[in-house]
Each structure stands twice: as structure tokens, then as C-alpha cells.
Amino acid sequence: METTISWDYIVVGGGIAGSVLASRLLQYEPSARILVLEAGPNVNNREDILYFQSFNFVGGEFDWNYKSVPQKGYDGRQIDIAAGRALGGGSIVNGCAWMRGARADFDDWADIVGDPRWSYERQLPYFKLTEAWYKSQNVEAHGQDGKLHIESPISTGRHYPLADHVEQSWAALDVKAIPEYDMNAGQNIGLGELNENRHKGARQIASKAYPLDGITVLTDTLVEAILLDNNIRRRATGVRLANGKEYHGTEVIVSAGAYRTPQLLMLSGIGPQEVLNSHGIETKVELPGVGQNFNDHVLLFLNWQLKDHIKQEGYALGSDHPRWGEPQFRMGMPASYVVSTDIPRDGLEAALAQDGDMDSNHYLLKSTHAMMENIIMYFGVAPLQPDGTHICTALMGMKPTSRGTVSIASKNPADPPVLDPNYFSTEADKHVWRVSLRKIASLMTGNTPLGHEAVAGETPQDGVPPLSVDATDEYLDNRVKNQAVSMFHGSGSCAMGSVVDTELRVKGIQNLRIVDASVFPVSIGGHIQAATYALAEQTAVMISEAKHK
């Protein structure tokens with residue numbers, strides 16, 4: 001079943017990357033005929049998903065609700081992996097945290113692929129293009145009139161009573177504030193203010209911030225395969241939907257995300273031949289890198305009981321103190337700061353050597369990277385309730401060396417992809433978590449203002465001793481194995497250099513590109529939505545410039 005219209009661009013996936021790309025392409029090429037195909041619904045007008053208090057995001061009706069395969073590194077646990085299933089994609093379900101990552105992340109990217117356009121300096125104009133930054137300082141690092149408003153606790157009037165304790169406690173561990181408290185200016189080791197892409201507290205949906213007016217958008221539309229011609233050098237000619245309908249166009253751009261993009265390629269006969277053969281799929285273009293290099297950030301929450309006098313002062317969310325009813329405290333995550341910490345080189349180098357990485361020029365050793373993100377949030381998390389008695393720490397491993405795979409379960413595009421992040425499978429990752437957990441124990445219970453004045457101790461799961469600075473490696477490993485979850489930052493599964501070239505063109509196939517987080521060749525040490533927005537911004541310029549050459 002074919003349609004008669006021939007499109008200039010068919011974009012598969014209306015998430016963050018797909019929305020930005022389609023919107024900018026129409027801006028740069030006003031006569032272009034653009035079709036966006038999105039598997040989920042249009043929820044642009046759903047106000048119940050906009051604020052921090054909404055629970056209709058991760059695990060809700062607009063989440064694909066994936067599960068990993070049993071994880072060997074977690075003693076067989078399966079992990080929930082969220083992904084946005086709606087127009088706007090991840091911007092519908094994410095936590096709105098806005099952390100680009102470090103200059104070193106993008107410079108490593110450029111070095112690996114041999115193209116300076118992917119360095120920090122060359123991507124900076126596209127980061128700025130996304131931003132309406134909340135203050136006028138650091139204008140060389142930030143945009144003032146971009147599509148996305150970026151806010152902070154201070155800019156929204158959220159002055160939390162434990163904020164000074166937090167900053168002073170990190171200072172006691174020799175973790176200093178970053179200049180201007182700016183975590184998004186290229187240097188992210190230290191303490192910076194929490195940033196969120198919210199506007200007056202409301203999440204900004206990518207498909208609204210980047211308008212799709214003038215673009216044909218079909219929601220609730222599942223794509224089954226990319227159509228290729230039979231020439232020796234294959235060319236993408238369109239797509240076929242799960243219902244058999246076909247759309248044809250000059251260029252196909254896949255922006256289905258790090259989980260669905262490799263699945264769609266394999267269903268189209270593009271990928272590792274062994275996998276395709278096992279499902280009876282004809283190999284049209286053998287690309288062994290499809291579905292490889294998959295990685296995800298790992299998240300671990302710890303609950304900390306407050307001392308009685310702090311509870312009585314109502315310093316944590318859930319208490320009956322009137323401050324928590326004030327409107328500004330409903331405008332974002334109940335946290336003040338983000339702290340990114342590094343790891344001493346000697347221990348990291350030894351752990352990498354245990355993994356067989358003996359190169360002293362390994363990218364994690366070539367420059368100092370932030371390896372662990374630490375956020376203190378002023379409420380208790382599950383299995384506790386926010387009742388004013390606890391706060392929590394959220395730790396996120398920023399530069400995992402564990403790599404996994406994305407594969408397919410069948411020929412049916414409605415079946416979920418087979419996700420194996422291979423969490424916690426390297427000595428380097430284990431070393432980073434051990435060092436970081438001991439540091440957070442020192443912060444919360446040691447010789448710090450938090451330890452002296454605010455925190456009584458950790459409240460672990462039943463039967464588990466509380467975390468301490470002298471915990472054994474075995475104890476720390478078990479805490480990660482038993483409690484760590486996904487941060488929903490999957491990337492790398494169609495990596496640049498392996499699957500696509502530096503202009504996002506799929507190798508061996510004309511007129512086919514991938515534009516989403518699956519192309520990241522390194523794990524970005526931040527919250528990957530910011531890098532995804534910048535990726536799409538730059539790619540739109542690349543495509544349009546190539547069109548006009």
C-alpha cells in the first residue's frame with residue numbers, strides 16, 4: 001500500500017531529536033515537505049505531566065516500560081528502563097535536569113571520530129542555540145534567547161534551609177564551588193547549582209518548544225522497516241509501517257532513540273548478519289556495529305534519617321512546615337546543588353588495567369573526568385514516603401566503561417527490543433562506585449556540617465547494615481548490585497565511527513541518517529538530553545548546508 005506524495009524528509013521518531021531536527025529543517029528549508037512518524041500519542045496539551053509533583057512520567061502511560069535482560073553484574077536482576085512513548089519523547093518523561101557534560105566529553109568524541117565539529121568548542125554554538133539561560137553572567141557559555149528556558153532553584157525563589165549545610169559539607173571534603181556555580185560551562189568537576197529545562201516550573205515538551213507547524217506529523221504510527229532499493233550501493237527510499245502502508249521520500253532520518261533505532265535497522269536488514277540470520281531476516285547491509293557499544297548511566301538512591309531537631313524545623317519535604325505549601329517549592333526538584341566528583345588517577349588506572357585497558361592514554365586518563373554525580377534531595381525516596389523525616393542522596397555513574405547490546409526478539413516491530421546494558425561488568429566501574437560511596441558516607445556522617453548537625457545516619461533496606469566510610473568492597477558492591485537502577489540515559493548503540501559517519505549518514509547506505517543519542521561514541525558525563533538537543537541542532541545545519549552546496 002503506497003502513498004503518492006514523495007517527501008523530502010521522513011523522520012522516524014518524534015522525540016527530542018526528531019522534533020528539533022524537523023522544526024529546524026523547515027526553518028532552514030521553508031519549502032521542504034517533511035513527514036514525522038511517531039509511535040506514541042500527541043500529549044502536548046496534557047497539563048498533568050508538566051510539574052515535578054506529577055507521577056505520570058516514568059512508569060506511566062507515556063513510558064515504553066522496557067525491562068533489561070537479567071543482568072549478570074546484578075546477580076540476575078532485571079532493570080526497568082524508561083523511554084518516552086509520545087510526541088516529544090524523553091522530554092515527556094525525564095526529570096528535566098539540564099547538565100551538558102564536560103568539555104572533555106565532547107573533545108574525546110571529536111578525537112575518537114577524527115572530526116573537530118564534534119568537539120566542545122564546535123558544539124558550543126548549538127548548546128547556546130537551545131538555551132534561554134536564566135541569568136546574564138557567562139554569556140560566552142550560554143544562549144539568552146533559545147527555545148528552552150533554563151531555571152535554577154535560586155532563579156525560581158527556592159531557598160532550601162539545608163542548602164548551606166550541603167555546600168559547606170562538600171567544602172569540608174575539599175569539593176569547591178565551580179565559578180558562578182555554573183555546571184554547564186564546560187567544567188563540571190565541583191559543586192554547581194542545579195539546572196532544569198523548565199519554564200516557571202513547567203516541563204518543556206520538545207515538540208512544543210520546537211514547533212512542528214507546517215510539518216505533517218502522524219502519531220500512534222509504528223514503523224516496521226526502512227525501505228531500500230536493490231542497487232549495489234543501497235539507497236533508502238522510504239519506510240513501511242506496521243500496517244503495511246508505505247511512505248516514500250528523498251531522505252530517511254531515524255530518530256527513534258538508543259533502544260528503537262538499532263531495532264528498526266535490524267528489522268530492515270541492516271546490522272550484524274548473525275542476528276539477522278537467527279530471525280530469518282535478509283541481510284541487506286551488514287553493519288556489525290548496530291546494537292553494539294550500548295551503555296547507560298546507573299543511579300543509586302540512599303535514604304538518610306534527619307536528627308530530631310532538624311525534623312522539627314521542617315527541613316524536609318513532607319513535613320507540615322508552611323514553606324512546603326509555598327508555590328515556588330512546586331517549581332522543580334527539591335534540591336539545591338549538583339556535585340560532580342573525580343577519581344584519583346592511580347586507582348582508576350589500576351582498575352582499567354584489570355579490565356585489560358593498559359593504555360596510559362586511555363581517554364579516561366588523558367584528562368580528568370567527572371566520574372560520579374551527587375545530588376542531595378530534600379525528601380525520602382521509596383521504600384520510604386516523603387514525610388519530613390528523611391532526605392536522600394542520588395548518585396549517578398557518569399562515565400561507565402561497561403558496554404552492552406541492543407538486539408531484537410522477533411520480526412515484529414511491536415515487540416520490545418532486547419536490552420542488555422551489561423551493568424557493573426568492569427573493574428573500573430566497581431572502583432568508581434566504591435570510592436564514591438565511601439565519599440558520600442563521609443559527607444553525610446563524617447566531620448561535616450551535615451554529619452554533625454543534620455543527619456542521624458542512613459536508613460538502608462531491611463537486613464542491610466547502614467553505609468559507613470570503612471565499608472568493605474564486598475559490601476559496597478552488593479549495595480550497587482541490589483539497589484542500582486537505570487538513569488534512562490541509554491546511548492551509543494549505533495555509534496558514530498562504527499555505524500554512522502561524522503555527518504550521521506549510515507555507512508553503506510545512501511539517503512539514510514541516524515540522529516539521536518544512539519550515535520554518541522562516548523558516554524556523556526551529564527544528563528544526555530542537552531547533548532541530544534545540540535546534536536539535532538547541528539545536524540539540521542549540516543543537512544541544510546549539504547542541500548545547498
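The values are calculated or read from the model by the stated rules, or taken from the named source; none is laboratory data. Just so you know, these numbers come straight off a predicted model, no measurement behind them. Every residue, glycine as well, gets a Cβ built from its backbone with ideal geometry; the counts of neighbours run over all protein chains shown. Each accessible area value is taken on the protein alone, full model and side chains, heavy atoms only, with ligands, DNA and RNA left out. Shrake-Rupley method; radii C 1.70, N 1.55, O 1.52, S 1.80 Å.
Numbers below:
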quantity: Charge dipole (segment 146-190, unit charges on Cβ, about Cα centre) - positive-most of A172, T156, I189; calculated: T156
quantity: Cα-based Rg of segment 243-368 normalised by 2.2 N^0.38 Å, two decimals; calculated: 1.82
quantity: Coarse-grained scattering of segment 495-548 at q = 0.20, 0.25 Å⁻¹, given as base-10 log I(q)/I(0) from a Debye sum over alpha-carbon atoms; calculated: -0.71, -1.02
quantity: Calculated FRET value between Q385 and V69, using beta carbons and R₀ = 35 Å, to 0.05; calculated: 0.65
quantity: Inverse mean reciprocal Cα-Cα distance (Kirkwood Rh) of segment 1-127, Å; calculated: 17.7
quantity: Karplus-derived HN-Hα couplings along segment 250-256 (A = 6.51, B = -1.76, C = 1.60, θ = phi - 60°), whole Hz, x at Gly and Pro; calculated: 6, 9, 10, 10, 9, 10, 8
quantity: Rounded to whole Å, sorted largest first: equivalent-ellipsoid semi-axes of the chain, Cα gyration tensor; calculated: 39, 26, 22
quantity: Residue-averaged 222 nm ellipticity for the chain, from DSSP H runs of 4+ at -39500 (n - 2.57), nearest 500; calculated: -7500 deg cm²/dmol
quantity: Sites I232 and T368 - FRET efficiency at Förster radius 41 Å, r taken between beta-carbons, to 0.05; calculated: 0.30
quantity: Computed over the chain: relative contact order in percent, which uses C-alpha pairs under 8 Å that are six or more apart; calculated: 22
quantity: Accessible-area ranking of S268, S6, largest first, probe 1.4 Å; calculated: S6, S268
quantity: Nonlocal amide H pairs with H489, under 5 Å, H built at 1.01 Å; calculated: H297
quantity: Cα shape, segment 127-245, gyration tensor, a/c 1.5 rule; calculated: prolate
quantity: M183 long-range amide H proximity, modeled H, under 5 Å; calculated: E193
quantity: Size descriptor, Kirkwood hydrodynamic radius, that averages inverse alpha-carbon separations across segment 287-433, Å; calculated: 18.4
quantity: Global form of segment 186-233, assessed from the alpha-carbon gyration tensor, a/c cut-off 1.5; calculated: oblate
quantity: Interchain or long-range residues, amide H under 5 Å from Q510's placed H; calculated: R234, R235, A236
quantity: Within segment 447-549: Cβ-based charge dipole about Cα centre, in debye rounded to nearest 20 (Lys, Arg +1; Asp, Glu -1); calculated: 820
quantity: Heavy atoms of K135: accessible area, 1.4 Å probe, square angstrom to 10; calculated: 50
quantity: With eigenvalues of the C-alpha gyration tensor scaled by 5 and rooted, segment 222-304, Å; calculated: 29, 17, 12
quantity: Largest to smallest principal axis extent of the C-alpha atoms in segment 365-508, angstrom; calculated: 62, 40, 28
quantity: Packing-based ranking, highest mean first, of 198-204, 398-404, 299-305 given that Cβ atoms within 10 Å are counted; calculated: 398-404, 299-305, 198-204
quantity: Only Lys, Arg (+1) and Asp, Glu (-1) charged, at Cβ; the chain dipole about Cα centre in debye; calculated: 1040
quantity: Protein accessible area in the chain, 1.4 Å probe - carbon and sulfur %; calculated: 49
quantity: Global size of segment 160-303 as Cα Rg and Dmax, reported in angstrom; calculated: 23.2, 67
quantity: Distance cut-off 15 Å, percentage of C-alpha pairs in segment 399-462 lying past it; calculated: 69
quantity: Segment 1-100: relative contact order in percent, alpha carbon pairs under 8 Å with at least 6 residues between; calculated: 28
